[in-house]
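Readers should treat all values here as calculations from the given coordinates under stated rules, not as data from a laboratory. Since we're looking at a predicted model, the values are computed, not measured. Cβ sites come from the backbone with ideal geometry, for glycine too, and all protein chains shown count toward neighbours.
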Amino acid sequence: MADPKPKSKHTVVRADWQPTASQRRDSAKRGAPGQRLLGPLPLPRDAVNGEVTVDTVAVKLSNLDKVYFPSSGHTKRDLLDYSHDVAEFMLPHLLNRPATLKRFPQGIDRPWFFQKEAGEHMPPWVRTAPLPSKGERTYINYVLCNDCPTLLYLVNLGCIDHNVWMSRAATPDQPDFVLLDLDPGPDAGFDKVVRVAQAIRRVLEKYEILGFPKTSGATGMHILLPLAPGHSFAQSSRFAEIVLRLAAAEVPDLTTDVWSVADRPRDRVFLDFRQNAPGKTIPPPYSPRAYPGATVSTPLQWKELTRSLDPSRFTITNLRRRLEKYGDLASGNLPGAGHGQQLRLLLERMHQSDAPQKKRRAF
DNA sequence: GCACAGA
DNA sequence: TCTGTGCAACGCGCA
DNA sequence: TGCGCG
């Protein structure tokens, strides 16, 4: 493939960017409880505009008092304080992943827009990666949110949630985890999501598959299965479908695979494997969401999946307490964690285990 | 949130 | 100087 | 061939 060289003043990344020596040193502490929480913005509390210097980079911040979440009163400053505080936990999950910017410059109740092309107006220290678009006919310079200054810059632009690919820029066609997406209908409470997640947990345990559950930050849940390098999205999607169909067979009255929203039962949990595709995005662990209350996509321990689990409890205001207590419960899903699974091996294990039995069918 | 075009 | 506008676009299943 | 869908 020809070396893509779209003109850009940004630092273009054609291979995965490598951490500096000091960042490598620090990374040993990452994921440990209470470590690396950086506190709120280093800025006077009454400042409405300002400039912070983070990692030797000066970032301009504006309209800090603007209310982004009217029902709870959370402001842009609250979002920036949170982002600065948890950056060491969130950034590893964003590293080198092309980002689709979803911008809410006037808050969650006002018009928003997508932005993929970084354009020529971002500061030169914002890293980007050129990726083919429209069937290889053109390139888009995607933002890579690889450091704290970039994170704060994006939040200042109105990026409330972060939406990143399941692959990294150097290998855009190779997902490094499988996404199991649990999406409850409007009349399905979170208790149903929990029961379906427990069914998925039983399937994963039966075949010794490693998975990390998290709230989506909205109404559903995500379960992430770390992948060894070299898998395709076709493979990750097929595997997600297999696991979800096995789980659905255990709780058929709680689940649906109906694609059309109009025809989909409103009181069931839609199990979506189609999200495993190139260019599709997911809010990573610790991403805030543009929902009332400033909820956060929050990694969980499996044992926390109880009837009383309420995902609206996890917000930008209180998430640091969980990080102090538990550290990064999803750190095992990071590409460097060494837990990448070979789908061929998992499928062999599943096939052997089921060989004497009939094939399971039905969603 | 911000650059840009057109009035 | 003000005001309006753009800021994305994949591939699958089905009619 | 287009639409709904995430």
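Mind putting a number on the dipole of chain A about its Cα centre? Charges go on the C-beta only, +1 for Lys and Arg and -1 for Asp and Glu, and I need it in Debye to the nearest 20.
360
For labels at A:Arg266 and A:Trp302 in the simple 7 Å Cα→Cβ model, what's the distance in nm?
Spacing of the two 7 Å Cα→Cβ label points: 3.5 nm.
Mind checking which of A:Leu254, A:Leu227, A:Leu180 has the largest fluctuation in a GNM of chain A, springs on alpha carbons under 10 Å?
A:Leu254
Sorted by packing (mean other beta-carbon atoms within 10 Å per residue), highest first, where do A:302-309, A:199-206, A:218-225 land?
A:218-225, A:199-206, A:302-309
Sort A:327-336, A:312-321 by the packing proxy (mean of other Cβ within 10 Å over each peptide's residues), most packed first.
Peptide ranking by packing, descending: A:327-336, A:312-321.
Relative to the present Cα-Cα distance, how much length would full extension add between A:Leu210 and A:Thr317 at 0.36 nm per residue of separation?
Between A:Leu210 and A:Thr317, full extension yields 35.5 nm more.
Could you work out how far helix A:343-354 tilts from the main Cα principal axis of chain A, as a 0 to 90 degree angle to the nearest 10?
Relative to chain A, helix A:343-354 is tipped by roughly 30 degrees.
GNM on chain A, C-alpha springs below 10 Å: top fluctuator among A:Gly217, A:Gly50, A:Gly340?
Of A:Gly217, A:Gly50, A:Gly340, the Gaussian network model singles out A:Gly50 as fluctuating most.
Roughly speaking, what is the centre-to-centre gap between the range A:163-211 and the range A:297-324 when only Cα atoms are used, to the nearest Å?
Here the answer is 17 Å between Cα centres.
For A:Cys148, A:Cys159, which order do you get if you count the other beta carbons within 10 Å of each Cβ and list the fewest first?
Final ranking by Cβ density, sparse to dense: A:Cys148, A:Cys159.
Give me log10 I(q)/I(0) at q = 0.08 Å⁻¹ for chain A, Debye formula, one equal scatterer per alpha-carbon, no solvent.
Each listed q corresponds, in turn, to -0.40.
Using only Cα atoms, tell me the angle between helix A:190-206 and the longest principal axis of chain A; keep it within 0 to 90° and round to the nearest 10.
With both axes taken from Cα atoms, the answer is about 70 degrees.
For chain A, take the longest principal axis of its alpha carbons; what is the angle in degrees between that and the long axis of helix A:233-250, to the nearest 10 within 0 to 90?
Approximately 50 degrees, to the nearest ten.
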